[in-house]
Amino acid sequence: MTTEAPAPIIDVQGVSKSYRRGELVVPVLHDITFTIAPGEFLSLMGPSGSGKSTLLNLVAGIDHVDGGRIIVEGVDITRLTETELARWRANSVGFIFQFYNLIPVLTALENVELPLHLSGLSRRARREHALTALDLVGLSHRLDHFPGQLSGGEQQRVAIARAVVTDPTVLVADEPTGDLDRVSAGEVLDMMARLNRELGKTIVMVTHDPRAAARAHLKRHLDKGVLSADDPSENPD
Amino acid sequence: MILLRILIRNAFRNRLRTGLTILGITIAILAFGLLRTVVSAWYAGVAASSATRLVTRNAVSLIFPLPLAYKDKIRQVDGVSHVSWGNWFGGIYISEKNFFANFCVDPRSYLALYPEYILSDRDRKAFLSDRKGFIAGRKLADRFGWKPGDTVTLKGVIFPGNWDFVLRGVYRGRDRTIDETQFLFQWDYLNETVRQRYPSRADQVGFYMIGVASPERAADVAGSIDRLFKNSLAETLTETEKAFQLGFIAMTEAIVMAIQLVSIVIIVIIMAVVANTMAMTTRERIGDYAILKTLGFGGRQIALLIFGEALVITGIGAAIGMALTYPAARAFGSTLSNFFPVFNVARETLWLDLGAALVVAVAAAVIPTQRAIGIRIADGLRRIG
Ligand SMILES: Nc1ncnc2c1ncn2[C@@H]1O[C@H](COP(=O)(O)OP(=O)(O)OP(=O)(O)O)[C@@H](O)[C@H]1O
Ligand SMILES: [Mg+2]
């Protein structure tokens with residue numbers, strides 16, 4: 001057997017991004033290049049304001065690059081129109097955020113079903129998928145609870161169910177444990193590790209928490225717009 | 001549809017704010033509906049006027065009379081089917097605040113010309129056979145509790161003295177647009193009394209009411225009548241009943257305009273209130289909209305959520321307001337029946353209510369929608385937490 005590396009699922013080439021604040025142009029990312037192999041679990045660390053969320057948003061197709069290319073599963077997402085990009089996100093990416101970002105007026109079940117309303121699935125199929133996803137995160141007993149009636153950990157698990165219900169290849173998570181206590185954080189991380197291991201999801205996770213980062217296979221560090229392989233001995237963080 | 005569920009629950013997420021906004025819309029729609037009803041009540045006489053009737057009066061002014069002798073000449077004009085005549089009496093019942101329209105007519109020809117006043121055969125006979133008899137509209141008789149056979153005394157102003165009349169019948173309007181507050185008595189009674197007291201004022205008619213065979217001929221007939229009396233001592237002015245009624249209210253036109261203006265101002269104010277509510281709610285929901293966009297929902301769906309929420313809130317307010325317009329108009333109409341003999345909520349007013357509510361909802365949702373759609377997802381998400 002040859003040891004040829006598999007084609008990357010995410011291929012970021014020379015990406016740069018800056019924000020404009022009035023007259024001032026604030027460069028955030030400069031010429032970032034890296035790849036992620038299918039089935040990888042990568043954590044992205046770095047000081048606050050270094051551009052981690054910005055990079056994650058670019059990879060997930062919710063923000064636009066100033067320069068460079070991002071190719072995900074063979075699709076150059078920097079060339080898609082807004083509508084195509086929205087459809088691409090709906091099919092290919094699952095999102096997990098620090099503050100769960102559930103729709104407060106929908107129950108757990110309805111929240112998980114939400115992305116499926118864009119899929120053309122039947123009502124019954126939507127429900128079955130959503131129930132399966134909620135079962136996966138161990139919340140079958142909380143279907144009719146509204147987000148406000150759930151603990152933070154439970155809300156994040158609903159968010160994970162929502163992220164995987166469309167069966168995307170890539171999951172992006174921006175500080176998924178940032179707002180959780182240690183026990184809940186541990187549960188959420190276990191769940192993500194399982195999704196990676198058992199379902200083969202490629203995961204990109206931004207985190208400040210070294211314990212969370214330790215669960216990933218690969219660690220990267222972003223500082224002053226430069227991405228480097230993380231060396232834990234140098235960055236006890 | 002999940003979006004429908006979201007927008008309805010969103011609408012009631014902040015109960016107090018939604019409740020107050022709905023209350024505002026209810027009051028605005030109610031006020032709007034009542035003001036529109038006042039305007040149409042103002043024109044009720046015009047609306048109920050017939051296209052086949054003309055009114056002939058002295059060309060100089062309504063206060064100058066015409067000779068009774070004109071009636072036979074008018075009858076001979078080609079196209080004329082009926083001729084009736086009458087005088088404004090302007091009597092006062094006990095005190096001036098009991099105002100109602102009272103005049104005398106030639107009863108037989110008048111009732112033939114005005115089939116919208118419905119009188120039972122018995123009442124009709126009783127009225128025609130009693131020289132001092134009068135008939136009253138149902139609302140007027142109810143207002144003063146008059147029963148057939150009662151004697152009612154009016155104090156004459158144009159024709160001084162106390163005049164006694166006996167109620168011989170109560171008429172009903174053919175439909176809701178007909179004035180049921182009139183007091184009608186026999187022209188002959190007035191004329192005979194006047195002949196005794198003021199002989200020079202006898203055989204004088206305030207106005208002629210003329211029926212024409214068909215509405216197309218009305219203009220021709222009016223012209224023929226006026227030509228007939230050209231250069232005579234009392235020249236005539238003949239116009240359609242509608243024009244005659246409009247002439248009456250022309251002097252109050254400024255008030256009607258003011259009422260109309262106020263009704264529009266009310267809608268503009270409520271528009272600002274609802275726009276403010278929508279601006280607040282969508283600002284709160286920017287994060288929700290960002291999540292929906294992240295998940296792949298598009299601008300059209302966000303627009304549906306915001307417009308839908310605005311429509312739900314204004315729709316509820318408008319529905320309550322419209323429902324309340326009926327009892328409010330009834331209460332209003334009965335206290336003001338002296339001024340507005342006919343005070344009905346027109347179907348057209350309800351359509352205007354609906355139109356106004358729709359305009360309010362759409363206007364209130366436009367800018368928040370633009371803002372919600374225009375914001376970048378990353379910025380929207382940043383607002384959460
Ligand atoms: N919409 C924006 N407009 C202007 N500046 C922005 C915008 N979004 C981000 N920035 C700036 O870009 C830089 C990177 O922001 P980003 O959110 O990517 O940092 P981060 O690494 O995720 O930080 P944290 O760890 O605090 O979440 C920051 O200086 C931030 O102020
Ligand atoms: Mg961040």
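The values are calculated or read from the model by the stated rules, or taken from the named source; none is laboratory data. Quantities reported herein were computed from a predicted structural model and do not represent experimental measurements. With ideal geometry, Cβ positions are generated from the backbone for all residues, glycine too; neighbour counts draw on all protein chains shown. Accessible surface areas use protein heavy atoms only, side chains included; no ligands, DNA or RNA. Shrake-Rupley method; radii C 1.70, N 1.55, O 1.52, S 1.80 Å.
Give me the summed buried accessible area for the B-A pair, 1.4 Å probe, to the nearest 100 Å². Mind showing how you got there, number by number?
Details: alone 19540 and 12170 Å², together 29610 Å².
Roughly 2100 Å² of accessible surface disappears when B and A pair.
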Residues whose placed amide H lies under 5 Å from that of A:H145, excluding near-sequence neighbours:
A:A108, A:L109
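By DSSP, what percent of the beta bridges with both residues in chain A are antiparallel, rounded to the nearest 5?
Taking every DSSP beta bridge within chain A, about 55 percent pair in antiparallel fashion.
Given axes a ≥ b ≥ c from the Cα gyration tensor, I'd like to know whether the stretch A:123-195 is rounded (a/c under 1.5), prolate (a/b larger than b/c) or oblate.
Oblate, because a/c is 1.5 or more while a/b does not exceed b/c.
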Say R0 is 56 Å: what FRET efficiency, to the nearest 0.05, do B:I158 and B:Q260 get from their beta-carbon distance?
0.95
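Which of the trypsin sites (Lys or Arg not before Pro) found in the stretch B:168-277 are loop residues per DSSP with 10 or fewer other Cβ atoms within 10 Å of their Cβ?
Numbers: sites: B:R168, B:R172, B:R174, B:R176, B:R195, B:R197, B:R201, B:R217, B:R227, B:K230, B:K242; in loops: B:R174, B:R176, B:K230.
Loop-located and lightly packed - B:K230.
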For the stretch B:60-234 the mean separation of alpha carbon contacts under 8 Å (6+ apart) over residue count, i.e. relative contact order in percent, is 34
Summed residue charge, Cβ within 11 Å of A:K201's Cβ, Lys/Arg positive, Asp/Glu negative:
-1
Once amide H atoms are placed 1.01 Å from N in the peptide plane, what residues at a sequence separation of 5 or more from A:V28, or on another chain, have their amide H within under 5 Å of its amide H?
A:K17, A:S18, A:Y19
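Work out, in µm²/s and without decimals, the Stokes-Einstein translational diffusion coefficient of the stretch B:60-234 at 4 °C, 1.567 mPa s, Rh from Kirkwood over C-alpha pairs.
On the way: Rh = 17.2 Å.
Once the numbers are plugged in, D ends up at 75 µm²/s.
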Just report the Cα centroid separation between the stretch A:168-189 and the stretch B:284-318, whole Å.
29
Any idea what diffusion coefficient the stretch A:49-183 gets from Stokes-Einstein, in µm²/s, Kirkwood Rh on alpha carbon pairs, 4 °C, 1.567 mPa s?
83
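Going by average Cβ neighbours within 10 Å, how do the peptides A:77-83, A:53-59, A:164-170 rank, with the highest at the top? Intermediate results must be reported in sequence, preceding the final value.
Numbers: A:77-83: 13.9, A:53-59: 23.3, A:164-170: 20.0.
So the order, starting with the most tightly packed, is A:53-59, A:164-170, A:77-83.
Over the protein assembly as shown, average the accessible area per residue using a 1.4 Å probe and give it in Å², no decimals. It would help to have the intermediate numbers written out before the result.
On the way: 29610 Å² over 622 residues.
With all protein chains present, the protein assembly as shown gives 48 Å² per residue.
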Once you compute Rg and the Kirkwood Rh from C-alpha atoms, what is the Rg to Rh ratio for chain A?
0.97
Counting only other chains, what is the mean number of Cβ atoms within 10 angstrom of the Cβ of each residue in peptide B:294-303?
6
Which percentage, to the nearest 5, of the DSSP beta bridges contained in the stretch B:101-172 is antiparallel?
60
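Considering only the protein assembly as shown, what is the antiparallel percent among its DSSP beta bridges, to the nearest 5?
Details: 52 of 78 bridges.
So the antiparallel bridges amount to about 65 percent of the total.
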How high is the relative contact order of chain B? Use alpha-carbon pairs under 8 Å, at least six apart in sequence, and give a whole percent.
29
Per residue of A:92-104, other chain Cβ atoms within 10 Å number on average 4
Shielding by partners - mean other protein chain Cβ count within 10 Å, residues of A:106-115
3
Is it possible to state the helix-based mean residue ellipticity at 222 nm for chain B, with each DSSP H run of 4+ residues giving -39500 (n - 2.57), the sum divided by total residues, to the nearest 500 deg cm²/dmol? What is it?
-18000 deg cm²/dmol
When N counts the residues of the stretch B:234-372, how does its alpha-carbon radius of gyration compare numerically with 2.2 N^0.38 Å, as a ratio?
1.55
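Considering only protein heavy atoms and a 1.4 Å probe, what is the carbon-and-sulfur percentage of the accessible area of the stretch B:1-93? Provide the component values of the computation, followed by the final result.
Details: 2640 of 4080 Å².
That share works out to 65 percent.
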Read phi for every residue in the stretch B:190-199 and hand back ³J(HN,Hα) as whole Hz from Karplus 6.51 cos²θ - 1.76 cosθ + 1.60, θ = phi - 60°, with x for Gly and Pro.
4, 5, 5, 5, 4, 4, 5, 8, 9, x
Under Karplus coefficients 6.51, -1.76 and 1.60, residue-wise ³J(HN,Hα) of the stretch B:241-255 in Hz, glycine/proline x:
4, 4, 4, 4, 5, 4, x, 4, 8, 4, 5, 9, 4, 4, 5
Under 20 Å from the Cα of A:K17, which aspartates and glutamates turn up, not counting those fewer than eight places away in the same chain?
A:D31, A:D63, A:D66, A:D76, A:E82, A:D174, A:D223, B:D379
Enumerate the calculated ³J(HN,Hα) couplings along the stretch A:78-86 in order (Karplus 6.51 cos²θ - 1.76 cosθ + 1.60, θ = phi - 60°), each rounded to whole Hz, writing x wherever the residue is Gly or Pro.
6, 9, 7, 6, 4, 5, 4, 5, 4
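Could you sort A:204-211, A:222-229 so that the peptide with the highest average Cβ count within 10 Å comes first and the rest follow in order? If you can, show how the numbers build up before the last one.
On the way: A:204-211: 20.6, A:222-229: 15.6.
Result, highest mean Cβ count within 10 Å first: A:204-211, A:222-229.
I want to check a number: in chain B, how many lysine pairs have alpha carbons closer than 18 Å, given a sequence separation of 8 or more or different chains? Please report the intermediate quantities before stating the final value.
Numbers: B:K71/B:K230; B:K73/B:K230; B:K97/B:K139; B:K97/B:K155; B:K125/B:K147; B:K132/B:K147; B:K132/B:K155; B:K139/B:K147.
The result is 8.
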Thinking of the stretch B:299-374 as a set of Cα atoms, what percent of all their pairs are more than 18 Å apart?
53
Square roots of five times the C-alpha gyration tensor eigenvalues of the protein assembly as shown, ordered largest first and given in whole Å, equal 86, 23, 19
Debye log10 I(q)/I(0) for chain B, one point scatterer per Cα, at q = 0.08, 0.09 Å⁻¹
-0.59, -0.67
If one takes the longest principal axis of the Cα atoms in chain B, at what angle in degrees, from 0 to 90 and to the nearest 10, does the Cα axis of helix B:347-374 lie?
20
